[in-house]
Amino acid sequence: MLRHIYIQDFAIIDKLDLELDSGMCVLSGETGAGKSILIDALSMVLGSRANQEVIRHGAKKADISLEFNIENNQKALECLENHDMREDNQCILRRVIRSDGRSKSYVNNIPTSLKIVASIGEILVDLHGQHEHQLLLKSGQQRLLVDTIADNQKILKKIENIYHEWVELKTRVDELLIKKDEYSKRVDWLKFQVNELSELDISDAELSDLEIQHKKLSNSQELKENAHVLLHSLYDDEERSIYKQLSEAIARLQHINNIDKTISTNLDIGQSIENSLHELVQGIRKYTETLETDPKKLELLNDRITSIHDIARKHNVKPEELNNVLKKIVKELKQIDSPEFNADLMQKKCDDLKNEYLKLAHKLSKKRHTTAQYLNKNVSNALQDLGMEGSEFQVAIEEINDQKLTSFGVDHIKFLVKTNQGSPYRPLSSIVSGGELSRVSLAIQVISKLDRTTPTMIFDEVDAGIGGATAEIVGRNLRELAAKAQVLCVTHLPQVASLAHHHMQVSKSGSNAKTSIKKLSEKERVEEISRMLGGMKLTEKTRSHAEEMIKQGQTLQEI
C-alpha cells in the first residue's frame, strides 16, 4: 500500500510530507485548494507526461516521491526483482521535473525509464478520475478484469504457450515456403560437391605422400648424378676415393699399434669409421636403384596434385582441409533432409497446434461470455444505485479473425455503457464526465468482488453530480472496497467523508497561495464535515449533524 507521499515545488505545493494509513482515506477542501493538483502530482510519478510548467514559480525543479510497502505484493516484488530494483519490502517511485523541460524517473533510487516506472505503478496503484491514467479504459485491462473474475489464468497460460509455439513454427514454415526453390538448388549443389569430393577420395596422408613422390620423380636425373658423384668420391675412385685413403690410414694405425698398444683406441675408432663408410656406400647404391625416370608417372602425379589444389581453391581452404569440408557438407545435407526443413511436415504440425489453440480459445470464450452476462446485469444495477438512472453496462465480446491469433485467445473485449435509455452503447473511454466515468469504474470494481491485485485505489471526482442517498451509497461502496485495498478519495460530499477511516484536509493559505494537507483529529473532522454540510458559516445544528454522520459511519465500519 501507499505509505508516504513527498512533493516539493509542484504547482502551488511548496512542500508536502504526508504519511498514509490503510483503509479508506478521504481528502476534502474548498474549491481551488489544490485537491486535483495532488492527483496530478501522483499521476506524473506513475507515468504521465510532464513539462516545466508544473514547477512552482521561482523553483528550479519539482520533486515527487511515493513510498509503498510491498511486503505482501508478490507481483510487485517479482517485477522489481526482474528489473534488479528490489530493496527489501519497499518500493519508492520518484519523478524529478527540471526547469529545462527534462525529467528523470527513479525506482528505489535507481534511474530508469518512465515506461518501467509506469509498468510498476500499474501494479501498485489504480487511479480513477482522469481519462488518460485509468487502467479501466485500456482494452487489455478490461480483458484482464473479465479473465480474473472468470478465474481464467490456467487456460490463458496454456493458450499463451501454444500461441508462442505456433508463431515460431508458422514463421519457420513461411520461411521454408519462401525459400523452397532456394533450398532445392542448395541441395543439388551440395550433392554435386559431395560427389566431387568423394570421387577425389583424398586421404589425410595422401597429399604429403604425393608431393614427396612428385618432388623425387621430377628431380630423379639430378638425384642420380649427385649419387654417382658421391659414390665416386667415397669409394669408386681407385686413386683418390675416401675409402682408399681411409684404408691406408688404418693400415698405418695398425702398424703403430703393433709397436705401441696405447693407440689401440684410435685404431678401433678408425676401423669403426671404415665400417660406417662401407654402410654409407651400400646405402647410396641401394638409393640409386630406387631412382627412376618415368614421364608418364610424373604426369599422373601432376594431374592428381593439380586436381586436389583446384578443388581446395574452389572451397577456399587448404588441400589438407578438404576432408573436413566434406564432413560439413554431408552434415548440412542431413539437416536439410531432416523434418525441420520439410515444409509439409512442419505445416502439419503448425495446423495441429492451431487446432489445439482454437479448441482452448473457444472454451475460454465461453467462460468469458458467462462472466460478461454476470457483469452486464450486476454493474447495470449498481449504476442505478450510484445515481446513474437509465444507465446500462455491457461487456462486448467479438471474435477475432482466426488468421490473427493472439496470446490471449480469439476474443476482443470492450466495455460499453449507455448513460440513458435512449442513447446507444458507447465505449467506456468515450464518457465525457469524469464523475460518471469514476462511478462506472467504482461499480465494476465493487461488483467484481476481486481479491485486489492493485493494493491502492485513488478516486477523483467519484461523487461529482450526485448527492443525498446516492452519495451515501458511493461512500458505502468505497468503504467496501477499502476492506480489500487502500482507498484514497477526493470528495466534496459529507456523506462520503463521514464513512472514511481517515480524513485529510487540503487547504491553501499565505500570500503565495501555497497548498498544504493535514490529517484531521476527531474534533477537526467534525468541523470539516460541518463546513461540507453548511458552508463557511457553521452552526451547532450542522456540527451536531456532522457528529451524527461520523458516528453512523463508525458504526458501519465496526459492522
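Evaluate the stretch 507-522: report whether one residue or more is more than 47 Å from the chain's Cα centre (by Cα), more than 15 Å from residue 33 (Cβ to Cβ) and at pLDDT 90 or above. It would help to see each step written out before you state the result.
Here is the first cut: in the stretch 507-522, the ones more than 47 Å from the chain's Cα centre (by Cα) are 509-512, 521-522.
Now restrict to residues that are more than 15 Å from residue 33 (Cβ to Cβ): 511, 521-522.
Subsequent filtering for residues that are at pLDDT 90 or above retains 521-522.
Yes, the stretch 507-522 has at least one match.
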Item to check | Residue selected from the stretch 472-530 under the condition part of a loop (DSSP other than H, G, I, E, B) and among the aliphatic types (A, V, I, L, M), by the criterion nearest to residue 13 (Cα to Cα) | outcome: 513
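Here is a yes/no grid of residues against (1) surrounded by 12 or more Cβ atoms within 10 Å (Cβ to Cβ); (2) over 60 Å from the mean Cα position of the chain (by Cα):
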site	(1), (2)
254	yes, yes
278	yes, yes
282	no, yes
292	no, yes
295	no, yes
306	no, no
310	no, no
Checklist entry - Can residue 265 be described as assigned to a helix (DSSP H, G or I) and farther than 25 Å from residue 193 by Cβ? => result yes
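Looking at 330, 317, 325, 395 in this structure, which one is without any contact (Cβ under 8 Å) to a residue 12 or more places away in the chain and of a type in the set (Val, Ile, Thr)? Working first, answer last.
On the way: 330 fails: without any contact (Cβ under 8 Å) to a residue 12 or more places away in the chain; 325 fails: without any contact (Cβ under 8 Å) to a residue 12 or more places away in the chain; 395 fails: without any contact (Cβ under 8 Å) to a residue 12 or more places away in the chain.
Just a single option satisfies the conditions, and that option is 317.
Residues that are modelled with pLDDT of 90 or more and of a type in the set (Asp, Glu): which strands (runs of 3 or more DSSP E) entirely in the stretch 1-56 hold 1 or more of them? Can you show your working first?
Values: elements: 2-10, 13-19, 24-28.
Per the criteria, 2-10, 13-19.
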Item to check | Single condition residue 529 does not satisfy, out of (1) modelled with pLDDT under 90; (2) among the β-branched types (Val, Ile, Thr); (3) surrounded by 14 or more Cβ atoms within 10 Å (Cβ to Cβ) | outcome: (1)
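For every residue, the table says whether it meets (1) surrounded by 16 or more Cβ atoms within 10 Å (Cβ to Cβ); (2) touching a residue at least 12 places away in the same chain (Cβ under 8 Å); (3) touching a Gly at 6+ places or on another chain (Cβ under 9 Å); (4) not polar (S, T, N, Q).
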| site | (1), (2), (3), (4) |
| --- | --- |
| 186 | no, yes, no, yes |
| 191 | no, yes, no, yes |
| 204 | no, yes, no, yes |
| 212 | no, no, no, yes |
| 215 | no, no, no, yes |
| 218 | no, yes, no, no |
| 224 | no, yes, no, yes |
| 230 | yes, yes, no, yes |
| 238 | no, no, no, yes |
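Could you tell me whether residue 349 is within 30 Å of the chain's Cα centre (by Cα), part of a loop (DSSP other than H, G, I, E, B) and either surrounded by 15 or more Cβ atoms within 10 Å (Cβ to Cβ) or basic (Lys, Arg) (or both)? Explain how you work it out, then say what you get.
On the way: within 30 Å of the chain's Cα centre (by Cα): yes; part of a loop (DSSP other than H, G, I, E, B): no; either surrounded by 15 or more Cβ atoms within 10 Å (Cβ to Cβ) or basic (Lys, Arg) (or both): yes.
Here the answer is no, as residue 349 does not meet what is asked.
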Item to check | Qualifying position, being surrounded by 14 or more Cβ atoms within 10 Å (Cβ to Cβ) and at pLDDT 90 or above, among 124, 145 | outcome: 124
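Residues that are within 37 Å of the chain's Cα centre (by Cα) and under 30 Å from residue 419 (Cβ atoms): does the stretch 376-387 have at least one?
Yes, some residue in the stretch 376-387 is within 37 Å of the chain's Cα centre (by Cα) and under 30 Å from residue 419 (Cβ atoms).
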Item to check | Residue pairs meeting the criteria (Cβ under 8 Å; at least 6 apart or on separate chains; first modelled with pLDDT of 90 or more, in the stretch 365-382; second hydroxyl-bearing (Ser, Thr, Tyr) and crowded, with 20+ Cβ neighbours inside 10 Å) | outcome: 380/391
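The values are calculated or read from the model by the stated rules, or taken from the named source; none is laboratory data. Keep in mind the model is a prediction, meaning the values are calculated, not measured. Quick reminder, even Gly has a Cβ in these numbers, built from the backbone with ideal geometry, and neighbours come from all protein chains shown.
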